[in-house]
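The values are calculated or read from the model by the stated rules, or taken from the named source; none is laboratory data. Predicted, not measured: the structure shown is a model, and the values here were computed from it. Positions of Cβ are generated from backbone atoms using ideal geometry, with glycine treated the same way; all protein chains shown enter the neighbour counts.
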Amino acid sequence: MATTAAVTGTLSDRGQTAAWRGGAWREVARRGMAWREVARRRLAQRRSPARGRSAERRLPAHWQWLSFGRRHAIRCALLGLTLFAMILPAEAQQRVLNVYNWTDYIDPAALRRFEKAFNAKVNYDEFDSLETLEAKMLAGHSGYDIVVPSDEPSFSRLIKDGALATIDHAQVPNWKNLDPVLMQRVSASDPGNAHGAIYLYGSTGLGINPARIRALAPDAPLDSWDVLFQPKWAQKLASCGIVILDSEIDVIPTVLRYLGKSQDSTSAADLAAVEQTLMAIRPYIRNFASGGALEALATGQICLAMDYSGDVAQAAERAAQAHQGVTVQYVIPKEGAQIGFDMLTIPADAPHKALALQFINFLLQPDVMAGITNVTRYPNAVPASRAMIRPSLLNNPAVYPAPAEQARMFHIGPVPLAAERARTRMWERVKAGGQ
């Protein structure tokens, strides 16, 4: 009786009397067992495989089969989801394309079309000078799949250093769309066109605001490099703003040509003459811009710039759209202007070369290249695209120069490393103002 009373009190305190109805209570009373021992045995019986199998045998046969099939299907589905989750990140990584291109040098719609057509994500970075591009490429492991260097000197230098992969033309069916005459011009930098296709091209000339220049210097020779390189004109125009490209690759050959010398000269005397010319106008130069002259021209902040043809064409259109009374024109000086070709290339260590080949092939479609020219105002090397280029651009000499203007253009070649270093040191002195 003492044992029974103790058990009853314990169960009542826990509020579980109902759980001990029937056989459990009688078993406690008969055997004098502790209630915890009885609970442990009953719980073990509920968990025993025999009880599970017995309960399952009471189900109709077709329900037994369906239960097993359903469990099997669920297991398979979970396994499939697990495998899919494991595979998806690797597949997503394979469909990434990393592009390094000039500032304002693409049609965003082309990138969106490529992403949709190839189920890929394009990571698009920009540079504003060849010096920046070369520094990143020559350091190695850039992570880029497509880079767009100019043919000289960067393209040929990267080829020589083994930084660019060869391109299998058979993997780029639209290679046939390229203008063979233009491709022949860049073959001096890349024999057999083994490492790149022409993307866009243009010249380096003068961007001017005629009205502001005429207001300060009515007799200024707007068709000549004199307006920039002659101190008497630069001094008069300094108040309205003069900007020069921050690129020795573009400026030094242009000044050499202006002085009547070879654009590829390595003579110390010729280089000294270039330095003297630039130092004479250095006090009147507002700044050396890497991609900044476009906006300054378009908004009327400056009146004279040494800049790329397409950038000046973009500035002219933006100025016209703003309706602020700013007019911008591009001039190919009578002494000549440097022409340059920007190349679609694949780094030797590109992580996604197969997709890079598909990207080049995609860009070389006539309609895609037409869209890029319509946006950037730079001509391309796919003749079939002309039918889809806006007439206003086809008739714009800043975009498609007339034959007479093309005849005044010159193309630079590679120079020895020692000459490059001498040019770099001189350029830094000019930018520093001789300090």
Original post:
Looking at Ile412, Ile372, Ile346, which one is β-branched (Val, Ile, Thr) and modelled with pLDDT under 95?
Top reply: Ile412
**OP:** Give the residue, chosen from Arg286, Arg282, that is surrounded by fewer than 20 Cβ atoms within 10 Å (Cβ to Cβ), farther than 12 Å from Leu206 by Cβ, in contact with a strand residue (DSSP E or B) (Cβ under 6 Å, 6 or more places away or on another chain) and not assigned by TED's automatic domain parsing to the domain that holds Val375.
**Re:** Arg286
Subject >> Check on Ala217, surrounded by fewer than 22 Cβ atoms within 10 Å (Cβ to Cβ), small (Gly, Ala, Ser), touching a Lys or Arg at 6+ places or on another chain (Cβ under 8 Å) and without any contact (Cβ under 8 Å) to a residue 40 or more places away in the chain >> reply: yes
Subject >> Count of the stretch 329-345 residues which are farther than 14 Å from Ala381 by Cα and aromatic (Phe, Trp, Tyr) >> reply: 1
Original post:
Of these, Ser150, Ser129, Ser154, Ser187, which one is in contact with a Ser or Thr (Cβ under 6 Å, 6 or more places away or on another chain) and within 22 Å of Asp264 (Cβ to Cβ)?
Top reply: Ser129
Original post:
When you scan the stretch 203-318 for strands (runs of 3 or more DSSP E) that lie fully inside it, which ones turn up with 3 or more residues that are out of contact with any Gly (no Cβ under 8 Å at 6 or more places or on another chain)?
Top reply: 242-245, 287-289
